[in-house]
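Asker: One structure follows; several queries about it will come next.
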Amino acid sequence: MARIELETVSKTFSDHAALKDLCLDIADGEFFVLLGPTGAGKTTTLRLIAGLEEPTTGQIRINGDAVNDWGPAQRDVALVLQQYSLYPRLTVRDNLRFPLRSKIRNASPAEIAERVAYAAKTLRIEHLLDRKTDRLSGGEMQRVSIGRAIVRKPQVFLMDEPLSNLDAKLREAMRTELKDLQMRLGATFLFVTHDQVEAMTMGDRMGVLNHGKLEQIGTPHDIYRNPRNDFVAGFVGSPAINLLPGHIESGRAVVTPGSFELPLTTAPAKATGGVTFGIRPEDLQITSGAPLAAVVHDVENHGTEQVVTLRVGTTHLRASVPAHIGIKVEEQVRFGWSPDKVIFFDGETGVNIGRAV
Amino acid sequence: MATVTSYGQRLGNRVAVGMIILALIVFLAPIAWIGATAFKPRNLATTVPPTIFFAPEVSPFVKLFTKRVQLKPNEKVDYESAPWWERIVLDGGERISRTGRGEVQLSGYPSRFLNSLIVAITSTFLAVAMGTITAYGFSRFKVKGEADWLFFILSTRMLPPVVVAIPMFLMYRAVGLNDTHLGLIILYTAFNVSFAVWLMKGFIDEIPREYEEAALVDGYTRMEAFFKIVLPEAATGIAATAVFCFITAWNEYAFALIMTNRRAQTAPPFIPSQVGSGLPDWTVIASGTALFLLPVAIFTFLLRNHLLRGMSFGAIRK
Ligand SMILES: Nc1ncnc2c1ncn2[C@@H]1O[C@H](COP(=O)(O)OP(=O)(O)OP(=O)(O)O)[C@@H](O)[C@H]1O
Ligand SMILES: [Mg+2]
């Protein structure tokens with residue numbers, strides 16, 4: 001199995017910088033998730049590691065070997081693509097055999113049969129083996145393309161949003177299956193997604209990518225609790241964090257639009273000028289005795305919880321409350337926050353300058 | 001397919017079918033004429049109005065394949081022991097010329113036909129192979145000045161080829177390519193390759209490069225990926241391109257007439273040259289033409305499924 005290192009890797013397409021000084025160190029056997037919005041450079045990162053693109057500058061290492069000059073075949077990585085992942089015209093079985101038939105692997109027919117059978121069993125696609133790939137549903141295709149990766153027993157699995165075409169239920173099932181698979185194979189996984197739920201639930205560690213820059217690396221819990229800046233804070237977590245611009249005045253938070261005040265326990269030393277207050281929806285409370293008045297703007301039912309959008313003047317805040325509490329749109333409510341959960345971001349740079357304790 | 005049709009649509013369909021029938025009549029009439037004339041007795045070939053009903057004969061084909069001389073006024077022939085096909089010729093007032101050893105002398109047609117096959121098949125193969133590989137390169141790799149190169153390649157077709165016939169003739173004579181198969185093959189390949197590049201580029205651009213990239217990551221070389229993934233996917237385009245190239249090479253007249261006279265002459269310049277030998281016999285010309293049409297017809301028929309998809313130039317997928 002393998003460790004993957006990227007040292008200040010940059011990739012420029014003509015004059016567009018897709019990746020800027022990316023540094024990554026993915027440990028052997030780790031499930032690493034790369035999260036980012038569309039166009040962030042996630043696919044580019046995978047293609048660089050797979051050897052389908054050359055970095056403009058920087059060094060890529062797999063297991064300590066500098067692989068910049070290696071072709072994709074030599075790197076022994078498996079790639080599950082976002083789309084067009086299967087060879088057309090071939091049956092599922094032939095798709096699974098295809099990587100094993102390469103000259104560099106030189107596998108015997110018996111071995112090929114055995115590995116295909118193993119992959120098919122693992123992914124529960126045995127009944128599909130003799131089907132043509134254009135007769136498969138989206139979920140079946142995804143399984144087959146994952147199967148094509150696991151028959152090879154590669155050092156590294158690179159997966160580019162492999163679950164994006166699936167319906168919500170299947171996606172949930174596949175999340176656990178993939179995670180399970182990774183544990184059983186003990187392989188290094190680099191999993192790319194723009195879905196922060198996938199990142200949070202699957203990753204041992206994750207990296208947040210934005211505009212070709214790695215904003216933060218850490219465990220999902222770490223990143224959720226302590227986002228490096230307001231972008232990461234806004235991108236990770238669902239429903240999204242409330243980011244309220246304002247400043248601190250005599251130990252209280254003053255939110256500029258709507259100019260309302262909320263209590264604070266502590267304030268970071270650096271919070272002298274403009275500050276953005278970050279507060280997760282679950283840390284807002286709607287109770288009758290709370291300090292501030294608001295109007296219910298919208299209610300979204302998510303099953304076990306409901307996300308309530310509150311309106312204070314022109315400011316909107318999201319709060320998540322248990323589903324059993326009856327709340328109606330346009331109702332007058334009172335709300336407050338947990339002062340010890342507030343995260344402070346610099347009003348100018350958006351950098352995290354501390355959190356309340 | 002539209003399953004629900006309105007009155008207007010049905011009317012439209014009828015009009016369309018009518019137009020197709022009309023077009024078919026226009027296109028098929030000359031072919032029907034050639035086919036009919038190829039089996040007519042000589043005296044019915046040029047009647048006015050045309051003879052439509054007649055007893056078909058194979059005499060034009062016998063004459064097409066053999067070398068004949070006119071019977072002299074009092075020449076004695078052994079009519080009784082002659083085979084049936086020789087009698088046909090004798091009935092027409094001619095006799096088949098024979099070598100000193102008594103072997104039947106063939107006309108020039110079979111060897112011209114063979115030349116046509118050799119030249120057209122080889123040049124089609126070369127043009128399509130070169131076109132496909134070039135198109136693949138343009139489609140998949142960053143080529144400096146790609147648009148300019150492609151324009152340059154196309155520009156070779158921007159003037160009628162005959163314009164360069166005389167310089168080509170002089171050059172060919174200088175290097176000894178006149179009246180050789182190789183000479184014609186080079187010419188026809190050169191005509192067709194630009195067309196093949198453009199056509200194939202369109203088809204290859206349509207094939208997602210992800211397929212090949214998956215193969216590269218799976219442990220195949222670029223070449224293996226090309227042969228295993230790209231070629232099968234491009235089969236439709238290759239078939240369409242091959243038919244176009246084959247038709248161009250097969251039907252080419254002007255250069256064949258100028259550059260060849262015997263050894264490497266193809267059928268197109270040969271067939272009309274038969275008008276001049278003796279009295280014009282249109283039935284022989286028609287039979288030669290009818291046979292000449294067959295290879296293209298067969299080739300196109302075999303590839304018809306690919307062509308239907310290919311003619312839409314990738315617009316209809318799967
Ligand atoms: N071959 C290329 N030529 C030019 N620009 C490219 C190329 N490939 C990617 N880019 C650009 O690089 C940036 C990053 O692209 P990339 O495909 O890595 O994004 P992504 O994070 O995978 O997005 P998505 O979630 O939409 O798949 C984009 O702005 C894209 O337009
Ligand atoms: Mg992508």
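Values in this text are rule-based calculations from the coordinates and carry no lab data. Quantities reported herein were computed from a predicted structural model and do not represent experimental measurements. Cβ coordinates were reconstructed from backbone atoms using ideal geometry, including for glycine residues, and neighbour counts include every protein chain displayed.
Asker: If you take the charge dipole of chain B about its Cα centre, with +1 on Lys and Arg Cβ and -1 on Asp and Glu Cβ, which of B:Ile21, B:Thr46, B:Ile185 is farthest toward its positive end?
Answerer: B:Thr46
Asker: Right, here's the next one. If we sort A:108-116, A:149-157 on the protection proxy, mean other Cβ atoms within 10 Å, highest first, what's the order?
Answerer: A:149-157, A:108-116
Asker: Take the Cβ-Cβ distance between A:Glu54 and A:Lys121 as r, set R0 to 41 Å, and report the resulting FRET efficiency rounded to the nearest 0.05.
Answerer: Taking R0 as 41 Å, the efficiency between A:Glu54 and A:Lys121 is 0.60.
Asker: Treating the beta-carbon of each Lys and Arg as +1 and of each Asp and Glu as -1, no other charges, what is the dipole magnitude of the stretch A:242-346 about its Cα centre, to the nearest 20 debye?
Answerer: My answer is approximately 140 debye.
Asker: Can you give the average number of partner chain beta-carbon atoms within 10 Å of each beta-carbon in peptide A:73-80, as a whole number?
Answerer: Averaged over the peptide's residues, the number is 3.
Asker: Per residue Cα convex hull volume for the stretch A:242-346, in cubic angstrom?
Answerer: 90 Å³
Asker: Per residue, how much space in cubic angstrom lies within the convex hull of the C-alpha atoms of the stretch A:165-306?
Answerer: Hull volume normalised by residue count: 176 Å³.
Asker: Counting C-alpha atoms alone, how compact is the stretch B:5-141: give Rg to one decimal and Dmax as a whole number, in angstrom.
Answerer: Rg, Dmax (Cα atoms, Å): 25.0, 77.
Asker: Regarding the protein assembly as shown, what whole-number volume in Å³ per residue does the convex hull of its Cα atoms give?
Answerer: Looking at the protein assembly as shown, the number lands at 281 Å³ per residue.
Asker: Same structure, new question: Under 30 Å Cα-Cα from A:Lys121, which lysines qualify once same-chain neighbours fewer than 8 residues away are excluded?
Answerer: Answer for A:Lys121, where 30 Å is the Cα cut-off: A:Lys103, A:Lys132, A:Lys153, A:Lys169, A:Lys179, B:Lys228, listed by chain and number.
Asker: Expressed as a rounded percentage, what relative contact order does the stretch A:242-346 have, with Cα pairs under 8 Å and six or more residues apart?
Answerer: Once normalised by length, the contact order is 32 percent.
Asker: Another one. What is the antiparallel percent of DSSP beta bridges lying wholly in the protein assembly as shown, to the nearest 5?
Answerer: 80 percent
Asker: Once you compute Rg and the Kirkwood Rh from C-alpha atoms, what is the Rg to Rh ratio for the stretch B:225-296?
Answerer: Using only Cα positions, Rg/Rh for the stretch B:225-296 is 1.20.
Asker: Can you tell me, using C-alpha contacts under 8 Å and at least 6 residues apart, the relative contact order of chain A as a whole percent?
Answerer: 15 percent
Asker: Another question, if that's okay. Ranked from highest to lowest mean number of other Cβ atoms within 10 Å per residue, what is the order of the peptides B:177-186, A:280-289?
Answerer: Result, highest mean Cβ count within 10 Å first: B:177-186, A:280-289.
Asker: Starting from the Cα of B:Lys63, draw a straight line to each of the lysines and keep only those under 25 Å, dropping any in the same chain fewer than 8 residues away.
Answerer: B:Lys40, B:Lys72, B:Lys76
Asker: Two-decimal Rg/Rh of the stretch B:242-284 from alpha-carbon positions, Kirkwood Rh?
Answerer: Reported Rg/Rh, Kirkwood definition of Rh: 1.06.
Asker: While we're on this one: Calculate the mean, over all residues of peptide B:202-210, of how many other protein chain Cβ atoms lie within 10 angstrom of the residue's Cβ.
Answerer: Other-chain Cβ atoms within 10 Å of each residue's Cβ, averaged: 2.
Asker: If the chain between A:His211 and A:Ala293 were fully stretched, how many nm would it gain, using 0.36 nm times the residue separation less the Cα-Cα distance?
Answerer: Contour length minus the Cα-Cα distance gives 25.7 nm.
Asker: Relative to the Cα centre, what is the charge dipole magnitude of the protein assembly as shown, using +1 at the beta carbon of each Lys and Arg, -1 at the beta carbon of each Asp and Glu, and rounding to the nearest 20 debye?
Answerer: Magnitude of the dipole: close to 2560 debye.
Asker: Follow-up. Suppose a student asked you for the relative contact order of chain B, using Cα pairs under 8 Å spaced at least 6 residues apart; what percent would you report?
Answerer: The normalised contact order for chain B reaches 25 percent.
Asker: Something else: In debye, nearest 20, what is the charge dipole magnitude of chain B about its Cα centre with +1 on Lys and Arg Cβ and -1 on Asp and Glu Cβ, if you could check?
Answerer: 340 debye
Asker: Please list, or write none, the lysines whose alpha carbon is within less than 20 Å of the alpha carbon of A:Lys20, excluding same-chain residues fewer than 8 places away.
Answerer: Answer for A:Lys20, where 20 Å is the Cα cut-off: A:Lys11, A:Lys42, A:Lys213, listed by chain and number.
Asker: Within 10 Å, count the other beta carbons around each residue, average over each peptide in A:329-338, A:20-29, and list them highest first.
Answerer: Peptide ranking by packing, descending: A:20-29, A:329-338.
Asker: On the first, second and third principal axes, largest extent first, how far apart are the outermost C-alpha atoms of the stretch B:109-309 in Å?
Answerer: So the three principal-axis extents are 69, 38, 25 Å.
Asker: Using only the alpha-carbon atoms, how far is helix A:168-185 inclined from the longest principal axis of chain A? Give it as 0 to 90 degrees, nearest 10.
Answerer: Once rounded, one gets 60 degrees.
Asker: So, one more: How long are the three semi-axes of the equivalent ellipsoid of chain A, in whole Å, if each is the root of 5 times an eigenvalue of the C-alpha gyration tensor, listed from largest down?
Answerer: Sorted largest first and rounded, they come to 45, 25, 15 Å.
Asker: Right, next: Place +1 on the Cβ of every Lys and Arg and -1 on the Cβ of every Asp and Glu in chain A, take the dipole about the Cα centre, and give the residue among A:Phe32, A:Val351, A:Phe335 whose Cα lies farthest towards its positive end.
Answerer: The Cα lying farthest towards the positive end belongs to A:Phe32.
Asker: Springs between alpha-carbon atoms under 10 Å, Gaussian network over chain B: tell me which of B:Ser111, B:Ser81, B:Ser59 tops the mean-square fluctuations.
Answerer: Top of the fluctuation ranking is B:Ser81.
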